[in-house]
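Asks: First the structure, which I've put down as structure tokens, then a few questions once you've had a look.
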Amino acid sequence: MADSLLSYIALAMILFSIGFLGVISRKNIFIVYMSIELMLNAINLIFISLGRYYETMVPQVMAMIIIAIAAAEAAVFLSLIVVLYRRKKSLDSDIFTVLSQKDAHE
Amino acid sequence: MNNFLLAWIVLIPLLSSMTLGLMYLFSIKVIKIPNIVFTVLGLSSPFLSFMIGFSFFLQMIGNHEIFLYKAYRWLSVDGYDIDMGFMADKLSIFMVLFITFVGGLIHIYASGYMKTDKGYGKFFFYFNLFLASMLLLVLADSPIIMFIGWEGVGVCSYFLISYYYEDTKNVQAGNKAFIANRVGDLGFIIAMITMIYYVGSNGFDYINLEAGMQNVPINVLTFIGSALFVGAIGKSAQIPLFVWLPDAMAGPTPVSALIHAATMVTAGVYMVARFHFLYDLIPNVGLIIAYVGAFSALFAAIIATKQTDIKKILAYSTMSQLGYMFIAVGLGGYSVGIFHVFTHAFFKALLFMGAGAVIVALHHEQNIFKMGGMRSKTPIVYFAMLIATLAITGIPPFAGFFSKDEILLTAFSSGEYLIWGIGVLTAILTAYYMFRLLFVVFHGKNYQESRKLHTISKSMIMPLIVLAFGSIVAGFIGIPEILGGNNLVGSWLNDWKNSSLHVEHSREFILMGINILAAVIGTYVAYKKFFNYDMAIVPKYNGIIWKKFYIDEIYDRFIVKKVKEVSIFISYKVDVNFIDMIVMGLSRGFIKSGHFISKVQNANTRFYAFFMLVGISVISTYLIMVMR
């Protein structure tokens, strides 16, 4: 049992790291969004496998809540992407610098 | 009881001065308030205070009551409490009476003298504040409250001396007074700290201090006494801190009268008398005080013989008379010293007012050799000045005779013949320089007959008459027993009287005779030299006495210059190279690191996300390590 838990967690860590790398290395907002979802699901995986390991339902409830919130978040996120695209006609995350003070300093 | 009225003696002038100040601001900013309003308000407060003081005086006759009034707790630090307390014993109330009386007369005089001044309201604001500070000084129940008054007097003297601030010289004179006083105040503060350390544990008012002093080691007491006396030297213009007093003549004449007669300079004498319980335990310090007083008296008298500025002569004469007072209080004759303070207040105020009247009449001419022949033109001023001069010279029965005689008697009977000798010598010089002033100003031939005199207003003449009367009778309250009087001052200030000083009657008469002789000799020499003095040539003095023994120059050379050099060194070398380097270096460092760190904020979302996640992983790793 212990070996299988470890492999689940290892899988979750790999998924999380892939998601993390996706967030910081990709420019396309869609890919960034997908990477974030990947990280969320890596966390879900940890919750569920731990729930299984300790034979309790609490982590599963947490996972369900995370899935529900992620669904709601998806709607918000996608609509935001639409708005951002309409503004700049681009999906490159690096050009959305309206809130930065970078220009004010230099 | 109505002890709370004690506080009102101080509060009335204080409130009145605050009102005057606000009204003056209103007057210059909004609508002009007529001078009469300022006059009424400014003049009423000393007389109200005088009446309250007089009511306490009446209650004190015939008993030994001490009036105490604690208004509120002012400070409470670590079980150590300072009350805003007022205390009136016989000494305080004696001081209050003549401060308010003479001060009130000077206020009246000032209302005439300053009539055309544009800062009329401001002047009375300072004047009332000055009076309030002095009254607080004498009515305080602890050295700390006294110190408030002490500093108040100092700051008001600064305001008033540099009153004509358009002229830089006057401002410098004010600065000089303030700085010289500051040196003295340092002594006072050191003395207070030492007292708090050694005797402050059960209350810090005079009564507790007196009880606590008995258990303090004698060398500590000597230290406290000496440090306190440094404060007295600064305030009362004795050697070596007297340099501010002649320069203080830069202020308007009523200011000089107020500083020299009723307030300020007498504070030092009062302080020594107030701490008589301390000085009784350390007669050696008392002796030093007496010697400082004696040498100051002689020194000032010598300088005064060669001065030509009427107000400077009077300034040095004040210093000289203060020297007499210190001789008395130093040798334990506190009541005698205070008696001289009292008589001096009358004749010195009178002298300054008379001088002020002459100065006004001659359109602000202050050189006595350019006056001359004023007797026929201003007869009332002449008689007032004559009476005051006779009083300060010590011709019986005028006020100064009795007090000066008692001081010299004290010196003689305590066996300090050197001090006594200096005192007699000073008396001769006093007679000489005072009659020199009188003869030159009022009798000398006048070569400027054609000059039209400025009119002297009634409000300036009236106080002269009152004070002239006072200068005649003020001494009568202290007629010694051998002349058939019963020395009311001595019996009033019984607690401050040194009963061990006693000489045989025959000796007392001889001493009295010597004093009168001294006065007559001085007068005669002055008469020979200056009665009918030919004013055609204004004498040009030079030599060491005219230069005031080069004291100012010596101080300038050895103290002021050195201090300046140090200041310049600090401001141009240490400040620029060291302090600025640290401060500017710090701020430049902040700017640089700010620029560097601002590079992190590069508007790259992915970069932010990277840092966020790094941060989260660091924190969670840390938490896991700790939570284990």
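Asks: For the stretch B:53-108, which residues satisfy the criterion of being surrounded by 18 or more Cβ atoms within 10 Å (Cβ to Cβ), under 30 Å from B:Asn35 (Cβ atoms) and not small (Gly, Ala, Ser)?
Replies: Hits for the stretch B:53-108 are B:Val96, B:Phe98, B:Ile99, B:Thr100, B:Phe101, B:Val102, B:Leu105, B:Ile106, B:His107, B:Ile108.
Asks: May I pose another question? Report, by residue number, each residue of the stretch B:125-147 that is farther than 25 Å from B:Leu43 by Cβ and part of a helix (DSSP H, G or I).
Replies: B:Pro143, B:Ile144, B:Ile145, B:Met146, B:Phe147
Asks: Having 1 or more residues that are within 14 Å of chain A (Cβ to nearest Cβ) and of a type in the set (Phe, Trp, Tyr) is the bar; report the helices (runs of 4 or more DSSP H) wholly within the stretch B:510-628 that clear it.
Replies: Because the criterion is at least 1 residues that are within 14 Å of chain A (Cβ to nearest Cβ) and of a type in the set (Phe, Trp, Tyr), the helices (runs of 4 or more DSSP H) in the stretch B:510-628 that meet it are B:580-598, B:605-627.
Asks: Right, next: Which is within 14 Å of chain B (Cβ to nearest Cβ) and modelled with pLDDT of 90 or more, of A:Leu15, A:Leu40?
Replies: The conditions single out A:Leu40.
Asks: In addition: Would it be correct to say that B:Ala301 is in a helix (DSSP H, G or I), more than 17 Å from the chain's Cα centre (by Cα) and under 24 Å from B:Leu91 (Cβ atoms)?
Replies: no
Asks: If you don't mind, there's one more thing I want to ask. Report, by residue number, each residue of the stretch B:338-380 that is farther than 21 Å from B:Ala250 by Cβ and over 20 Å from the mean Cα position of the chain (by Cα).
Replies: Correct list: B:Gly372, B:Gly373, B:Met374, B:Arg375, B:Ser376, B:Lys377, B:Thr378, B:Pro379, B:Ile380.
Asks: Determine which member of the set A:Tyr85, A:Tyr33, A:Tyr53 is within 13 Å of chain B (Cβ to nearest Cβ) and in a helix (DSSP H, G or I).
Replies: Answer to the check: A:Tyr33.
Asks: Separate question: Would you confirm whether or not the stretch B:97-112 contains a residue that is farther than 25 Å from B:Ala357 by Cβ and assigned to a helix (DSSP H, G or I)?
Replies: For the stretch B:97-112, residues farther than 25 Å from B:Ala357 by Cβ and assigned to a helix (DSSP H, G or I): present.
Asks: Among the residues of the stretch B:1-38, which ones are β-branched (Val, Ile, Thr) and at pLDDT 90 or above?
Replies: B:Ile9, B:Val10, B:Ile12, B:Thr19
Asks: Residue check: is B:Gly154 assigned to a helix (DSSP H, G or I), under 24 Å from B:Ile359 (Cα atoms) and in contact (Cβ under 8 Å) with a residue 40 or more places away in the chain?
Replies: Spelling it out, it is not the case that B:Gly154 is assigned to a helix (DSSP H, G or I), under 24 Å from B:Ile359 (Cα atoms) and in contact (Cβ under 8 Å) with a residue 40 or more places away in the chain.
Asks: Could I ask something else about it? What tally of residues in the stretch B:76-102 results from selecting those that are within 29 Å of the chain's Cα centre (by Cα) and either without any contact (Cβ under 8 Å) to a residue 12 or more places away in the chain or within 27 Å of B:Val336 (Cβ to Cβ) (or both)?
Replies: The number of residues fulfilling the criteria is 17.
The values are calculated or read from the model by the stated rules, or taken from the named source; none is laboratory data. Given the structure is predicted, the values throughout are model-derived calculations rather than measurements. Cβ atoms come from the backbone with ideal geometry, glycine included; neighbour counts cover every protein chain shown.
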